[in-house]
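Participant: This structure is in structure tokens; I'll ask about it shortly.
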Amino acid sequence: MQTITRTEELAAFCARAHEAPYVTVDTEFLRERTYYSKLCLVQLALPPADDADGDAVLVDPLSPDLSLDPLVALFRDTSVVKVFHAARQDLEIFSIEFGVIPEPLFDTQVAAMVCGFGEQVGYETLVKRIARASLDKSSRFTDWSRRPLTEAQKVYALADVTHLRKIYEFLEKKLRDTGRHRWVAEELALLGDPATYVTHPEDAWRRVKTRNASPRFLAILRELAAFRETYAQARNVPRNRVFKDDALVELASTKPASAEDLGRSRLLLREARKGEIAQGILDAVARGQAMDKDDLPKIEGGPDKGQVNPALADLLRVLLKARTESSGVAPKLIAPSADLDALASGDRDVPALKGWRREVFGEDALRLCEGRIALAADGSKVAVIEL
């Protein structure tokens, strides 16, 4: 197996790839000690010839003699499909570090959900079910930044793109046969948007789990989360190394106003009780406390649980199950539980009522909500009855 460490070697491979219909891609990276992922390895494979295993290589981005410019140019070549499995983290790296998102894009995890393989189906499952092969996962959690790579690491890494070729060809044919290419394209539009990979500190609070919906508490939470995100980005350290979510929620509740107050925290790391982090926490709390009432944040997007019609929500779940059984699409891909509750509360601005989801489920869901259809048991199936 070839490990590319020089720019001219990568350019030669990419020249062959520009003539291919598709290239499979995967990456290995580290993120435990940094805010941004550190790219450690790129795996690439071209379609196999009739009498060969195909062209598959490992690319070492840590090599001092290698520039990834030829790969970036390949990613911008719209005549070659770039095939990934569960592409989001790979695309985040390429978008942030190189300013490019591969186009056109094909994600086998998304395609598999559309083709009836269940929710969030893993690569190993697809290898077994489609490629009829098995994977050695012993190198999965190794340190990919250490050199030289072991033979076991290389074999493991290359398998992530060689089996992917057969999986892609199988799923692409199935989508073509069922006319569902457009469904996958709609799903991949978000992955192909560079804005997906930009983290805005002012929105970081929305990822923090809390049951406290007090606007003043949320204001302090928002300021603390924004400070933590900005600090972590600037120093390229994990946000939890600054302070963890449970400490963040505690600080928003206790509202410390001095270093002495910080010293009473049960959850704050020792390093965060002094210096820049401590001052940043106190300043953030003060900003949240001083915020005008009209500027206080509110939790949005979820239905008012008091207004949800529980019987209607249950009927929508039955309808969804019936429609996914007939279409073979993973239920959560069409409408997660929160969307069904939103529909049952009267909300009509939900993904289930848009695009291909409306065709599969949304139109009937609206008719059920409006009393134009009913559901009945028909043996082991659910029948839709026009009213």
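Just so it is clear, none of the values below were taken in a lab; they were calculated from the coordinates. Fair warning: this is a prediction, and the values are worked out from it, not measured in the lab. Here the Cβ is made from the backbone with ideal geometry for all residues, glycine too, and neighbour counts use every protein chain on show.
Participant: Only Lys, Arg, Asp and Glu count, each charged at its Cβ (+1, +1, -1, -1), so figure out the dipole size of the chain about its Cα centre, rounded to 20 debye.
Facilitator: Here the chain has a charge dipole of around 1220 debye.
Participant: Nearest 5 is fine: what % of DSSP beta bridges in the chain come out antiparallel, could you say?
Facilitator: Among the beta bridges of the chain, antiparallel pairing accounts for roughly 65 percent.
Participant: Would you mind telling me which residue in Ala87, Ala204, Ala330 has the biggest mean-square fluctuation in a Gaussian network model of the chain, where springs connect alpha carbons within a distance under 10 angstrom?
Facilitator: Most flexible of the set in this elastic network: Ala204.
Participant: Using the Karplus equation 6.51 cos²θ - 1.76 cosθ + 1.60 (θ = phi - 60°), what ³J(HN,Hα) coupling, rounded to whole Hz, does each residue of the range 13-23 give in order, writing x for Gly and Pro?
Facilitator: After applying 6.51 cos²θ - 1.76 cosθ + 1.60, I find 5, 5, 4, 5, 5, 4, 9, 9, x, 7, 9 Hz.
Participant: Rounded if a/c is under 1.5, else prolate if a/b is larger than b/c, else oblate: which is the range 305-386, with a ≥ b ≥ c the root eigenvalues of its Cα gyration tensor?
Facilitator: Oblate, since a/c reaches 1.5 and b/c is not below a/b.
Participant: What shape does the range 185-307 have by the C-alpha gyration tensor, where a ≥ b ≥ c are the square roots of the eigenvalues, rounded means a/c under 1.5, and otherwise prolate means a/b greater than b/c and oblate the rest?
Facilitator: Oblate, since a/c reaches 1.5 and b/c is not below a/b.
Participant: Tell me the chymotrypsin sites (Phe, Trp or Tyr not before Pro) within the range 90-161 that lie in a loop according to DSSP and have at most 14 other beta-carbon atoms within 10 Å.
Facilitator: The qualifying sites are Phe141.
Participant: When the chain is treated as a GNM, springs tying every alpha-carbon pair under 10 Å, which of Arg273, Arg357, Arg211 comes out with the largest mean-square fluctuation?
Facilitator: The residue that fluctuates most here is Arg211.
Participant: Measuring from centroid to centroid over Cα atoms, what is the spacing of the range 333-375 and the range 78-144 in Å?
Facilitator: That distance is 29 Å.
Participant: Okay, next question. Using helices alone, what [θ] at 222 nm do you get for the chain, with -39,500 (n - 2.57) per DSSP H run of 4 or more residues, divided over all residues and rounded to the nearest 500?
Facilitator: -13500 deg cm²/dmol
Participant: I've got another one for you. So, in nm, how far is label Val72 from label Thr34 when the simple model puts each one 7 Å beyond its Cα toward the Cβ?
Facilitator: 1.6 nm
Participant: Follow-up. I need the GluC sites (Glu not before Pro) found in the range 6-60, filtered to DSSP loop residues with at most 10 other beta carbons within 10 Å of theirs.
Facilitator: Those satisfying the criteria are Glu19, Glu32.
Participant: Output the relative contact order of the chain, whole-number percent, from Cα pairs under 8 angstrom with separation of 6+ residues.
Facilitator: Answer for the chain is 14 percent.
Participant: What are the residues whose amide H is under 5 Å from the amide H of Ile101, where those residues sit 5 or more places off or on another chain and H is modelled from the backbone?
Facilitator: Residues meeting the amide H criterion: none.
Participant: For each pair in Lys174/Lys321; Lys38/Lys244; Lys82/Lys154; Lys244/Lys274; Lys38/Lys174; Lys274/Lys298, compute the distance between the two Cα atoms and list the pairs where it is over 26 Å.
Facilitator: From Lys174/Lys321; Lys38/Lys244; Lys82/Lys154; Lys244/Lys274; Lys38/Lys174; Lys274/Lys298, over 26 Å: Lys38/Lys174; Lys274/Lys298.
Participant: While we're looking at this one, here's another question. Please work out whether the range 2-197 counts as rounded, prolate or oblate from its C-alpha gyration tensor, where a ≥ b ≥ c are the square roots of the eigenvalues and a/c under 1.5 means rounded, while otherwise a/b larger than b/c means prolate and anything else oblate?
Facilitator: rounded
Participant: Still on this structure: I'd like the FRET efficiency for Ala133 and Ser380, computed as 1/(1 + (r/R0)^6) with the beta carbon distance as r and R0 of 25 Å, rounded to 0.05.
Facilitator: 0.10
Participant: Here's another thing I want to ask about it. Between Glu8 and Ala20, what length comes free when the chain is fully extended (0.36 nm per residue of separation minus the Cα-Cα distance, one decimal in nm)?
Facilitator: Stretched fully, the Glu8-Ala20 segment lengthens by 2.4 nm.
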